[in-house]
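In what follows, a structure is listed as structure tokens, so that the remarks can point back to it.
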Amino acid sequence: MIKRFKKTTSYLGLSLIGLLVTTAIISGLVALSMPNILQLRMKANEAWAISTLMKLASAFDTYRAIHNTYPPDFATLRTVDPPLIDEQFAATAEKEGYKFMIDTNDPPSRHAFKIYAGPLEKGVTGNHWYKIDESGTVYVATNEDYDAITNPLQAGWGNMGGGINQERSL
């Protein structure tokens, strides 16, 4: 007795249709998540800018404790032993998509300073301008219709708590 076996074929690979559907699903998921990823990056840059402002204020206070005056620029913070800021920041005054500047309309004195931080590219590296003063209070710009790069003093400044009259140190 001879048994005949049926020949079966098995396709173990992906079909072209299956591959296209998989690619379309992955592309759709990436497209949906991309704005969230960019938004998270901007929020991280803004948090980094606030943190850097607080570190700069601390460096200014340390410099003042040694020299009895605030430094006129960031590069001066490198003259202390050990240096209070890194060399790259002293040269560029930029970090994580934000540019930092000292108020040149009201130069640092023995008793006061203001340091500003603004996004290098608004809407890409950040959305808000921040400032800190000698009290250690961090403020956020509340007026969106200004050119803070050329004159940060034109901004309407509120505190980080969101209210104009409430101050909140971070």
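Read the figures in this text as sums done on the coordinates, not as results from a lab. Bear in mind that the values here come from a model prediction, so they are computed numbers and not experimental data.
Taking amide H atoms as placed 1.01 Å from N in the peptide plane, the amide H of L120 lies under 5 Å from those of Y98, K99, each 5 or more residues away in sequence or on another chain. Note that region 85-97 has calculated 3J(HN,Hα) couplings of 9, 7, 5, 5, 5, 4, 7, 9, 6, 10, 7, 6, x Hz, one per residue in order, obtained from phi through the Karplus relation 6.51 cos²θ - 1.76 cosθ + 1.60 (θ = phi - 60°); glycine and proline are x.
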